[in-house]
Each structure stands twice: as C-alpha cells, then as structure tokens.
Amino acid sequence: MVLAADFWPNWSLMNRTLLGRLSQILGGGLALGALSVSLHAADPAENPTDISWQRDFGPSHDRRMQWWREARFGMFIHWGVYSVPAGVWKSEQSKHIGEWLMLDYHIPVAEYAALTKQFNPVKFDATQWVRLAKNAGMKYLVITSKHHDGFAMFRSRVSTYNIYDATPFKRDPLKELAEACRKEGLRLGFYYSQAQDWHHPGGAAARTGHWDPAQDGSMDDYLDQVAVPQVKELLSNYGPISILWWDTPKDMIPSRVQKLLPLLKLQPDIVTNNRLDKDKKTGDFSTPEQKIPATGLPGEDWETCMTMNTTWGYKSFDEKWKSTETLLRNLIDIASKGGNYLLNVGPTSEGLIPAPSVERLEAIGRWMKVNGEAIYGTTASPFKELAWGRCTTKAEPQGATLYLHVFDWPRDGHLLLPGLKNEVQSASLLSGGARLAVEAQDGGIRITTPSACPDPISSTVVLKVKGALDVRN
Ligand code: FHN
C-alpha cells in the first residue's frame with residue numbers, strides 16, 4: 001500500500017476511527033482483534049507504542065469516549081506556584097504566558113522553589129470552583145496536577161516539591177476537587193506535564209534547554225523516579241479519573257512512552273489526549289490549541305483548548321479578556337464542527353478564580369440553561385456554511401433534529417436553510433417554544449421568524465425533520 005507522506009501523522013487516529021467503525025459493523029471482539037493485527041502489519045513505521053496503544057486501548061475507544069462526546073464543554077484550570085509571581089519577575093512584566101515564567105527568566109531552581117513559601121491559597125474552595133463550572137454548563141474539569149515547573153499540586157510521596165509538603169497551605173486541592181466533583185456530578189481530569197519538568201533532574205526543558213546544573217540528569221531516570229510514580233499516585237488515590245491530559249511531549253520517544261502508557265489501565269474508563277508521544281500517535285482525541293479548525297477534524301475526536309484572556313496561568317495585569325459573545329460563539333462554532341471546548345481559568349495564589357472569568361462563566365451558564373440541549377450530545381453541521389450562524393444536529397429514531405444557532409437575527413423575518421431536502425415536521429424557538437412557519441424555497445427551506453431577536457448572542461431555532469439528513473451543499 002502506498003500512502004502520501006503526510007498521511008502518516010494521522011495513521012493512528014485514522015486506524016482507531018476505522019477500527020471503531022469496523023468493530024461496530026462487525027460486532028466487535030474477535031473480528032476486531034484480527035483486523036487490528038492485519039491493519040498494523042501495514043504500518044511501515046512499526047511504532048511499538050502505536051501498536052500497543054491500538055491493542056490495549058483502541059477497542060474500547062468508542063465506549064470510553066461516549067460521555068466525552070456528549071459533554072462538549074469543560075473547564076481547564078492552570079494553577080500552580082506561578083500564580084505567586086503572577087507574570088512579574090524582578091519588576092518586569094512578562095509578555096509570555098504566566099506559567100512559563102521560570103523558563104522565560106531562567107530563574108534558578110532554588111530561587112523559584114522559594115516561591116512556594118508564599119503560596120498559601122487559603123481562599124480556595126473546591127465546591128465553589130466546581131459549582132462555577134457546573135453552572136456554566138461545563139461537564140468536566142481538567143486541572144494541572146504538575147505543570148512544566150515540576151511543582152505537584154497534590155500530596156505526592158514521590159517528591160516533597162508539592163503543595164502539601166512545600167507550602168504553608170498543607171492541604172491537597174486535588175483531593176478536595178475530586179470530592180467536590182463527585183458530589184456535584186462533574187467528571188475530573190488531570191493535566192500532567194510528563195516530559196518537561198524544570199525542577200527535577202533529568203526533566204526536559206523545551207526551547208532553551210536547561211539553565212541550572214540542578215536540572216541536569218537522565219530523562220529516563222526522571223521518568224522512572226518522578227513521572228511514572230506520580231502518575232501512578234494520580235490514577236490510584238483520587239477515585240475515578242476521567243481524563244489524563246498530557247502536554248509538550250518533548251523527547252517522548254516510544255521507549256519512554258512505554259513507561260507511562262500501561263499506567264492508564266489503572267483507570268479502565270479514562271480517556272487521554274494525543275500529547276503523550278512526540279509523534280502524536282497515541283490518545284483518544286486531538287488538541288487544537290487557541291484555535292478552532294476551519295472545518296473541524298472530520299473522523300477524529302477533538303477538543304479546542306483556549307484561554308479567556310492571553311495566559312493560562314494567572315497574570316495579574318492581563319486584562320485582554322474575550323467577550324462573553326466571543327466565548328459562547330466559540331462554543332457553538334466548535335459544537336457545530338463536532339468538537340469539545342476546554343475553556344481555561346487561571347486562579348490566583350489566594351485560590352480565587354479571577355472575577356472577569358467568573359462573570360463570563362455565569363453569563364455562559366445563563367445561555368446554556370436555555371440552549372444547552374442544542375450543544376450537549378450534538379454532532380456536526382451537515383451544511384458547509386450558513387451566513388447567519390451555525391447548526392448542530394441530533395439523530396432521532398425517525399429523522400433528525402437540527403438546532404439552528406442564529407448569530408445574526410434576520411431583519412426581513414426569514415431564515416434561509418439552503419439545500420435541505422428533508423420533509424420538515426416542525427420549527428420552533430427553543431426559548432419559549434413558539435411555533436414558526438416553514439416553506440420550501442430555492443431548493444431549501446425558509447423559516448418565518450418573529451421580529452424580536454430572542455438572544456443577541458445566539459438564538460436557537462429547533463427544526464425537526466423526517467428521515468436521514470439530506471443536504472445538498
Ligand atoms: O506549554 C503549555 C502551556 O503552558 C499550556 O499548558 C498549554 C495548554 O494547552 N499547553 C502547552 C503549550 O502547548
């Protein structure tokens with residue numbers, strides 16, 4: 001089989017998607033095992049990591065991803081010691097993201113570690129954070145358990161460089177969050193920087209390399225002595241963990257990936273992103289960062305992660321907040337392309353989520369209370385482009401529901417849906433349920449809309465049609 005070179009980076013995801021579909025058709029089990037082997041025999045990269053991923057996690061991919069595909073919206077939390085300097089080093093305001101301060105200013109290991117003495121987030125309230133996410137309509141949380149600075153935000157027996165042992169706080173916020181998530185019914189995920197670690201000897205440092213002899217050492221020893229046992233702790237001590245979110249897989253060659261990959265079996269239902277290995281061959285979903293792919297990523301599960309201002313970790317002076325309108329339309333745009341939105345907050349060193357984030361999340365929540373059914377469990381739009389907004393869909397036993405997200409409410413009282421061939425059963429406003437008249441026009445349909453716009457950010461029209469969706473773009 002001859003394939004274009006640029007096909008190979010997507011081989012694993014393609015394989016998984018293919019295998020998922022084939023397993024559904026063939027009814028799984030035995031047939032899938034045989035197929036998996038023959039498909040892999042055709043992979044010239046012969047990547048052992050890729051193969052073991054497929055063998056161990058590929059068959060359960062669709063089952064494990066089911067809740068994630070329903071959820072569509074989650075909260076990313078970047079919280080660590082970097083919230084103490086909050087983007088300022090020796091009176092200079094960093095122009096880069098806050099959590100990279102240690103590398104950006106080549107702060108010596110001991111000097112950065114001394115910041116832990118000032119890290120005492122006594123205002124941290126796990127229940128408040130989880131309720132904020134829940135009321136915003138988010139279904140899961142992913143928090144930095146250890147970022148590139150190497151500082152563990154949980155009580156680790158592996159290294160005393162952790163929030164319980166090295167700060168005056170003496171609490172384990174991940175334990176408290178796990179408890180709150182369980183009570184409030186949200187799923188919990190851990191971000192873990194497996195390769196970059198600027199504190200422990202042997203950890204990788206991207207861009208500049210090491211700047212302090214204290215960082216030098218063997219990366220394999222670092223993985224064996226820090227990353228592997230810490231990930232074991234994270235997957236063993238906090239109850240059900242739904243997501244492991246790896247990051248910056250610098251130097252994560254297959255032999256190193258193999259050290260971490262089997263640990264995932266500690267949580268048989270877990271899903272992970274594609275940032276464990278340097279070739280992005282493993283994982284359940286792709287991770288476009290700070291951007292929304294123009295046409296989604298057809299055939300892949302994907303999640304756009306994004307900041308609300310311009311930093312992940314808290315920066316005291318970053319006021320470049322995206323508007324609620326932008327954030328909400330991003331969520332809708334992403335859902336209309338079949339992806340998830342992981343929206344970041346960067347709490348302060350006191351343990352507070354910044355007020356501008358709270359305001360926006362509350363506003364998003366008000367919209368989600370009315371329009372949530374047009375986001376959760378939906379699939380991508382069948383239309384190439386809609387001038388007035390976006391569309392999400394749900395398959396129904398006898399047909400389909402189309403949710404029309406109208407960003408620009410029609411001034412002439414007519415909403416055009418070009419190329420839709422299905423017989424329409426009904427059209428109505430999601431808010432209030434008023435029925436709308438529908439007629440065929442120009443090879444599509446025309447919906448008559450009231451003059452008052454229900455929601456200036458996005459109003460939802462619910463269109464129920466008969467039969468399998470038939471759209472001629
Ligand atoms: O370097 C990190 C960055 O600090 C942040 O954690 C983001 C979130 O996706 N990931 C890395 C950059 O891709």
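For this structure, a couple of remarks:
- Residue within the range 112-127 that is under 30 Å from K265 (Cα atoms) and touching a helix residue (DSSP H, G or I) at 6+ places or on another chain (Cβ under 8 Å) present: yes
- Members of the range 333-387 that are closer than 17 Å to K123 by Cβ, in contact with a strand residue (DSSP E or B) (Cβ under 6 Å, 6 or more places away or on another chain) and polar (S, T, N, Q): S357
- Residues in the range 435-469 that are aliphatic (A, V, I, L, M) and surrounded by 12 or more Cβ atoms within 10 Å (Cβ to Cβ): L436, V438, A440, I445, I447, I457, V461, V462, L463, V465, L469.
- Test: residue in the range 135-144 that is under 26 Å from the mean Cα position of the chain (by Cα) and within 30 Å of K90 (Cα to Cα): yes
- The selection criterion, being touching a Cys at 6+ places or on another chain (Cβ under 9 Å) and surrounded by 15 or more Cβ atoms within 10 Å (Cβ to Cβ), holds for Y403.
- Scope the range 303-343; condition of a type in the set (A, V, I, L, M, F, W, C), away from the ligand (no atom under 12 Å from the Cβ), touching a residue at least 40 places away in the same chain (Cβ under 8 Å) and in a loop (DSSP other than H, G, I, E, B); matching residues: M308, F317
- Considering the range 79-112, the residues that are hydroxyl-bearing (S, T, Y) and over 25 Å from the mean Cα position of the chain (by Cα) include one that is farthest from the ligand (Cβ to nearest atom), namely S91.
- For the range 223-267, the candidate set comprises residues that are among the hydroxyl-bearing types (S, T, Y) and in a helix (DSSP H, G or I); within that set, the residue that is farthest from G74 (Cα to Cα) is S255.
- Residues of the range 191-219 satisfying the condition of being more than 14 Å from the ligand (Cβ to nearest atom) and either assigned to a helix (DSSP H, G or I) or farther than 28 Å from Q267 by Cα (or both): P201, G209, H210, W211, D212, P213, A214, Q215, D216, G217, S218, M219
- Only one of the listed residues (L266, L331, L276, L327) is modelled with pLDDT of 95 or more and surrounded by fewer than 17 Cβ atoms within 10 Å (Cβ to Cβ). That residue is L266.
- Set side by side, the residues G203, G239, G217 differ, and just one is buried (at least 21 other Cβ atoms within 10 Å of the Cβ) and either in contact (Cβ under 8 Å) with a residue 12 or more places away in the chain or in contact with a Phe, Trp or Tyr (Cβ under 7 Å, 6 or more places away or on another chain) (or both), which is G203.
- Within the range 283-295, the residues that satisfy the criterion of being crowded, with 19+ Cβ neighbours inside 10 Å and assigned to a strand (DSSP E or B) are F285, S286.
- Restricted to the range 230-261, and to residues there that are of a type in the set (S, T, Y) and away from the ligand (no atom under 16 Å from the Cβ), the residue that is nearest to P288 (Cα to Cα) is S242.
- Qualifying position, being away from the ligand (no atom under 16 Å from the Cβ), in a strand (DSSP E or B) and of a type outside the set (K, R), among L132, L174, L188: L188
The values are calculated or read from the model by the stated rules, or taken from the named source; none is laboratory data. Since this is a predicted model, take the numbers as computed values, not measurements. Virtual Cβ from ideal backbone geometry, glycine too; neighbours counted across all protein chains shown.
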